[in-house]
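See structure below.
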Amino acid sequence: MTRFTPPPAPSEVEAFIGQVVTDLSAAFSGVLVNVGRKLGLYQAMADLGACTSVALAEATGIRERYVREWLANQAAGGYVAYDPEKQTYALPPAQAMVLALDQSPIFMAPAFEVAASFWLDENQIVETFRSGEAWAGTRITIACSAAPRASSAPAIARIW
């Protein structure tokens, strides 16, 4: 085992572990953003307003157990809001503009397709690093067509 002199401070190790856990959580949640978009969960939430997992499952034709688990993940990440008193979930307006309203100038949900494509192309990317050869990035090129429109950039810049 490699020994470090001096050894890292426990607080440094804990802070980095926190970063890794955050990155892993983002990777897992990114998949669930795609799931929500592809199954129409965000759109249904935008249409329904505050709802229970049962109501969302009925509106989308998806099994309630999976809707409930998806909602818990989305609430933990701040993508949907949860009201513990009413036991309902809602898609706040800002999140709806980014995740549900495909005509919004800041609709970004398809950008998660680009992230997914990197995993699909991982072996090609590794080989490109080794060989130094140019990489066509076919899957990424295809996925980029689903990413936010270039016309969204001015709107995003104005908002920021």
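The values are calculated or read from the model by the stated rules, or taken from the named source; none is laboratory data. Computed from a predicted structure; not experimentally measured. Positions of Cβ are backbone-derived with ideal geometry, glycine not excepted, and every protein chain shown enters the neighbour counts.
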Among the residues of region 4-19, are any outside any loop (DSSP other than H, G, I, E, B), more than 30 Å from Trp135 (Cα to Cα), touching a Ser or Thr at 6+ places or on another chain (Cβ under 9 Å) and of a type in the set (D, E, K, R)?
no
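Can you find a residue in region 16-23 that is hydrophobic (A, V, I, L, M, F, W, C) and surrounded by 11 or more Cβ atoms within 10 Å (Cβ to Cβ)?
Yes; the residues of region 16-23 include at least one that is hydrophobic (A, V, I, L, M, F, W, C) and surrounded by 11 or more Cβ atoms within 10 Å (Cβ to Cβ).
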Those residues of region 80-89 which are touching a helix residue (DSSP H, G or I) at 6+ places or on another chain (Cβ under 6 Å) and surrounded by 18 or more Cβ atoms within 10 Å (Cβ to Cβ) amount to Val80, Tyr89
Within region 118-145, restricting to residues that are outside any helix (DSSP H, G or I) and over 25 Å from Ser25 (Cα atoms), the one that is modelled with the lowest pLDDT is Ser145
Tally the residues that are in contact (Cβ under 8 Å) with a residue 24 or more places away in the chain and within 19 Å of the chain's Cα centre (by Cα), restricting the search to region 55-69.
1
Those residues of region 58-117 which are over 15 Å from Asp47 (Cβ atoms), among the charged types (D, E, K, R) and in a loop (DSSP other than H, G, I, E, B), in sequence order
Arg63, Glu85, Lys86
Could you give me the residue pairs with C-beta distances under 8 Å whose first residue belongs to region 39-53 and is farther than 10 Å from Pro92 by Cα, whose second residue is surrounded by fewer than 21 Cβ atoms within 10 Å (Cβ to Cβ) and among the polar types (S, T, N, Q) wherever it lies, and which are 6+ apart or on separate chains?
Leu39/Thr60; Gly40/Thr60; Leu41/Thr60; Tyr42/Gln95; Ala44/Thr60; Cys51/Thr88; Thr52/Gln87; Thr52/Thr88
For region 53-75, state whether one or more residues are of a type in the set (Val, Ile, Thr), modelled with pLDDT of 95 or more and over 24 Å from Pro110 (Cα atoms).
yes
